[in-house]
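> A single structure is presented below for examination.
The values are calculated or read from the model by the stated rules, or taken from the named source; none is laboratory data. Because the structure is predicted, anything quoted here is derived from the model rather than measured. Neighbour counts run over all protein chains shown; Cβ positions are idealised from the backbone, glycine included.
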Amino acid sequence: MRQLLIALKQSLYDHQLSIWRRGYIKLTTMILNSSTYRVYFMISHFKKSVLFSLVLLALLSANVKANTRIAILDFELSDVTLAPGIPAEIERTGAIKAMLEAELKKAGYIIIPIDLAAQHQANAGFGYLFNHNDVAAALARKAGAEYVLVGRLHKPSFLFAYLMGHLIKANDGGLIENYVVETKGGESRLTLKAVETLTSKIDYNLDKSYSPPPPASKSVYKP
């Protein structure tokens, strides 16, 4: 049903864009021909058409917006620097999941929690869930999620790190997409910007309903 609404919304948008273009051309032609009454009538009709389309698109957008159930597993830290696993990096890695869930919720996604004990039990070792889509999918499916995101913070340098993620279908373990987002430094606001970018990439493959904050935003994640 959600995919049908998305397709309908896009079809309406494309169709209305074509109508607006034709209306603009007609309106321009009438103005050039100096038919005052016909110009007034056309403007009135054009305004009503635009208003109706905007209202309908808004309603469709409200219906399309989410109800998609997604689970986010705890991000693991892959720190290959000369000073691996310092407390600040462990804290940053632990905050990424909550940041990502908060951004997805803004777009209307339903976050499905996965029992931490069950996640630890299914994880046979570092990187196991990241490399075994079928096991991660089984966890998500049991929890009632449609999709699951398995994530990692990979830190090859003190200067930058990468947010990495696998988006997986819960019903069959199929991989939808691999994500890699670079983040520089260790400040919370920079990590949040990387999370916003990751959210945009996930949403692009799913509902296409997320609107990230503008680049000038100085928002800071607060747990």
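> Within the range 77-93, restricting attention to residues that are touching a residue at least 24 places away in the same chain (Cβ under 8 Å) and of a type in the set (Val, Ile, Thr), which residue is surrounded by the fewest Cβ atoms within 10 Å (Cβ to Cβ)?
Among residues in the range 77-93 that are touching a residue at least 24 places away in the same chain (Cβ under 8 Å) and of a type in the set (Val, Ile, Thr), the one surrounded by the fewest Cβ atoms within 10 Å (Cβ to Cβ) is VAL80.
> Further question on the same structure: Name the single residue, out of those in the range 51-100 being of a type in the set (D, E, K, R) and closer than 15 Å to ASP207 by Cα, that is modelled with the highest pLDDT.
Ranking the qualifying residues of the range 51-100, first place goes to ARG69.
> Do you know which residues across the range 170-197 are closer than 19 Å to ASN131 by Cα and crowded, with 17+ Cβ neighbours inside 10 Å?
Those that are closer than 19 Å to ASN131 by Cα and crowded, with 17+ Cβ neighbours inside 10 Å: ALA170, GLY173, TYR179, VAL181.
> Please determine whether any residue of the range 157-165 is of a type in the set (Ser, Thr, Tyr) and more than 28 Å from SER211 (Cβ to Cβ).
There is at least one residue in the range 157-165 that is of a type in the set (Ser, Thr, Tyr) and more than 28 Å from SER211 (Cβ to Cβ).
> Can you tell me which residues in the range 96-110 are among the hydrophobic types (A, V, I, L, M, F, W, C), buried (at least 18 other Cβ atoms within 10 Å of the Cβ) and not in a loop (DSSP other than H, G, I, E, B)?
ILE96, MET99, LEU100, LEU104
> When you look at PHE160, is it of a type outside the set (S, T, N, Q), farther than 17 Å from THR183 by Cα, touching a strand residue (DSSP E or B) at 6+ places or on another chain (Cβ under 7 Å) and surrounded by fewer than 19 Cβ atoms within 10 Å (Cβ to Cβ), yes or no?
Against the criterion (of a type outside the set (S, T, N, Q), farther than 17 Å from THR183 by Cα, touching a strand residue (DSSP E or B) at 6+ places or on another chain (Cβ under 7 Å) and surrounded by fewer than 19 Cβ atoms within 10 Å (Cβ to Cβ)), PHE160 does not qualify.
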